[in-house]
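Structure first, commentary second.
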Amino acid sequence: MDFKDYYQIMGVARDANAEDIKRAYRKLARKFHPDVSKEANAEDKFKEVQEAYEVLKDPQKRAAYDQLGTRYHAGQDFRPPPDWGRDFEFSTHFSGAEDTGFSDFFSSLFGARSPFGRAGGPGMGPSPQGQDHSARIQVSLEDAYRGGVQTIELQSPEMTPNGTVMVKPRTLRVTLPAGVVEGQQIRLAGQGSPAMTGGKPGDLYLEISFRPHPLFKVEGRDVTLTLPVAPWEAALGATVNVPTLGGPVEMRVPAGAKSSQRLRLKGRGMPGSTPGDQYVVLKIVLPPGDSPQARALYEQMKRDLNFDPRADLGKSE
Amino acid sequence: MNLRDVIHGEVIDHELRLGIGEVAARAHVQDTFIIELVDYGVLEPFGGNRTEWQFSGTDLHRLRRIVRLMRELDVNVGGAAVILDLLEERQRMRNHLDLLEALLNK
């Protein structure tokens, strides 16, 4: 296991006082809190900071940690010394259940089975219920639309028999109901941390997000698609094939349609008790004028149409 | 776990309904804290008096985030409620911005 330099993690000097440490923690907590932060590794950074603070804010734990002294540096291989924790009065106690997300390094020094973890009176011990976990999972729009069984891979912290924590890959097969949308959660009862002393295991909350899709954008239950149309389709009206998540449908483009005009296919969005709609945004695409025939047609339009696309810009010229 | 076992979860969305005891248990808090959050307008249960309150999955999601914010950022209920509102507003704006950018770039 690697040695962790809690002072380095918190960005404080080894002789920082309690106030400095608290200030550093609050600042880092705001920066990396997974609910607030958009940094890619916010969750891991936040846990690391919480772990460092758990030790440095507590005078006894900090003193014990300091006793390891400067013999180690961050990342160095580490085993707790055999006399670890001797000569300390354990009047304070760490709240047990929370340490399951912390590192092996922390668990071996301060975890439930360490001299620190064993201290504390009745009622101070780890909570009987296992901790809840959250995980974000990405699903494709097609899978979310159809629903069905998804295989997901998670990195889960697990308590080993000797009280340390190991991160293990875990594969779950989970049923997704048709029409799950972004931000929704799925609660898997009993799939969180196991309980410490015969209580109920925690729950696992899966938060849904969508993998980016080349055609469709989703907001809530509504789906948006940009649909290219030819100028004559827009001008004369046409019936065109439009892809939707449920398969292609025929849609009528009204005569005189404009670029960026939004048409609605009712109920063709994500399914649900109130299904979403699909919005089709028209994009008029010009045929290239790169053949004699195309050039002749453009020349004819120029001559015969008396069309000024800038008519609305005012007559300043 | 056998890989052939399929787990059926419970969808936490606006259609889910939970009583005050259930929603409190899911977030590991006391009923009194739920009542406080209703007073702050953070949770908006259906039903008239407390015994009839029904909370949605959206309420549970908000509740779990509030608990995390309070515990981990050391803010009080009022502060956490404001943070939550702003985070939700930010999320809506991000989604909308994503959509507009996608339309512009097509």
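Each reported figure results from applying straightforward, stated rules to the coordinates on display, with no laboratory input. Bear in mind the structure is a predicted one, so any value in this text is a computation, not a measurement. So basically every Cβ, Gly included, is an ideal-geometry build from the backbone, and we count neighbours across all protein chains shown.
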Step through the table entries A:K22/A:K200; A:K47/A:K217; A:K47/A:K200; A:K27/A:K200, compare each Cα-Cα distance with 28 Å, and write down the pairs that go over it.
A:K22/A:K200; A:K47/A:K217; A:K27/A:K200
Check A:G202: other-chain or 5+ apart residues with amide H under 5 Å from its amide H, H built from backbone geometry?
A:G130, A:Q131, A:G192, A:S193, A:A195
Normalized C-alpha radius of gyration of chain B, against 2.2 N^0.38 Å?
1.32
With a 10 Å radius around each residue's Cβ, average the other Cβ atoms per peptide and rank A:46-52, A:227-233, highest first.
A:46-52, A:227-233
Positive-pole candidate from B:L73, B:L84, B:F46, dipole of segment B:3-104, charges at beta carbon:
B:L73
For the protein assembly as shown, what size does the Cα cloud have along each of its three principal axes, sorted from largest down, in whole Å?
99, 51, 47
P(r) tail fraction, segment B:38-82 - alpha-carbon pairs more than 13 Å apart, %:
56 percent
Residues whose built amide H sits under 5 Å from the amide H of A:A178, excluding neighbours closer than 5 in sequence, are A:G148
Among A:S140, A:S103, which comes first, second and so on when ranked by fewest other beta-carbon atoms within 10 Å?
A:S140, A:S103
For segment A:216-304, alpha-carbon Rg over 2.2 N^0.38 Å
1.34
Please report the spacing between the Cα centers of segment A:1-22 and segment A:273-298 in Å, no decimals.
61 Å
Ranked A:S291, A:S108, A:S209, criterion: other C-beta atoms within 10 Å, fewest first
A:S291, A:S209, A:S108
Setting aside same-chain residues fewer than 8 positions from A:K302, which lysines have a Cα under 29 Å from its Cα?
A:K258, A:K283, A:K315, B:K106
